[in-house]
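Please read the structure below before turning to the comments.
The values are calculated or read from the model by the stated rules, or taken from the named source; none is laboratory data. Worth saying up front: this structure is predicted, and the values here are computed from it rather than measured. Methodologically, a virtual Cβ is constructed for each residue, glycine included, from the backbone with ideal geometry; neighbour enumeration extends over all protein chains shown. Ligands, DNA and RNA are stripped out before the accessible areas are found, and what is left, the full protein with its side chains, is counted by its heavy atoms. Shrake-Rupley method; radii C 1.70, N 1.55, O 1.52, S 1.80 Å.
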Amino acid sequence: MSIKRYNAFSDELKQVFGCRVHRISVDAGFTCPNRDGTVGSDGCIYCGGAGSGSFGIARGLPVAAQLEDGKEVMVRKYKAKKFIAYFQPYSNTYAPPEELRAIYDEALAVPDIVGLIVGTRPDCLPPAVLDLLTEYARRTWFWLELGLQSPVERTLRLMNRGHGFAASAEAVERCRERGIRVCTHVILGLPGETREEMLATAGILNDLGVDGVKLHLLHVMKGTRLAGMYEQGEVKCMERDDYVGLVCDFLERLNPRISIQRLTGDGGRDLVAPLWSLAKFEVLNAIDGELARRGTRQGDKTDAPRFTV
Ligand code: SF4
């Protein structure tokens, strides 16, 4: 039984594999249609150009070598035994299916790799790629991570995502039809978005039937267009207590079936703001503390009056 007041993904992994399972981030050299000119060239306003969440990954090394390097570190640090290959930066389904198959198979052939997590955009899932992912969903412990970010069209335009909410909703539906588990990324604190709109997102995820969610605090990263807006005073970052309260409100409205795979972001060395988020464990402890103070858990308020976007 978890001590968490939410459905923590780490607990699910322990139940399935009988031990802690470590994710190793891999950069397989993909690009993104919002960067290569297919959809756009400038990318999302918060993206540093090396792909979201790319720091610390050795782009250029073969996938198997990246995984072996990652394993060595995890074994040394945590005596880790089992690992999941996490294809993280850029759009990791943005290639012909035969290329994707070769890359995913290279990862699964590495000893002690017990599953795959593949991050992508909703507009990088043509039917042939979905067919391929269906195979992996049957063959291994497989999750697709989808950058939904927000259901608010105004926000998606401001972020220069290059797709609307309908693309995300359709992608989730196509995956559900095929038995592919989907974890959606959502960013809280996006410019111009109201607290009610952010909380409405929880109900929308329930309706979509997603299997997991990663909540990210909006991070302003060096060298991004968002950083320029921040310096001009056009964008404000959330305060820590506001974020903690919002995450708790969000979890209370979220279906308890949905696994929680992240509750804040990793800013790393290029973080401009908010700097309080660097103390990640303090933020996570504050979320646990606030849920305990309220005496509530994930899903306790799924029947609360719904906000709309
Ligand atoms: S979709 Fe991801 S990789 Fe592409 S521009 Fe946006 S954040 Fe960057």
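Quick notes on this one:
- Cα-derived Rg to Rh of the stretch 1-40, Kirkwood definition: 1.30
- Principal axis box of the stretch 38-193, alpha-carbon based, largest edge first, Å: 45, 32, 26
- For the listed peptides 83-93, 272-282, a ranking on the average number of other beta carbons within 10 Å per residue, highest first, reads 83-93, 272-282.
- Counting only protein heavy atoms and a 1.4 Å probe, the chain has 44 square angstrom of accessible area per residue.
- Selected from Val39, Val210, Val16 as most flexible by GNM, with the chain as the system and alpha-carbon contacts under 10 Å: Val16
- Taking Arg176, Arg294 and ordering them by how much accessible surface each has at a 1.4 Å probe, largest first, produces Arg176, Arg294.
- Taking only Cα atoms of the stretch 210-309, radius of gyration then Dmax in Å: 15.0, 42
- For the stretch 127-203, fraction of C-alpha pairs farther apart than 19 Å, in %: 41
- A simple spin-label model places pseudo-atoms 7 Å from Cα toward Cβ; at Asp131 and Glu12 they are separated by 2.8 nm.
- Cysteines (scope the chain) whose Cβ has no counterpart Cys Cβ under 4.7 Å: Cys19, Cys32, Cys124, Cys175, Cys183, Cys237, Cys248
- By the helix-only formula, in which each DSSP H run with n ≥ 4 contributes -39500 (n - 2.57) and the sum is divided by residues, the chain has a 222 nm mean residue ellipticity of -12000 deg cm²/dmol.
- Multiplying the residue separation of Thr31 and Thr140 by 0.36 nm and removing their Cα-Cα distance gives an extension gain of 36.7 nm.
- Cα-Cα separations in the chain greater than 31 Å, expressed as whole percent: 26
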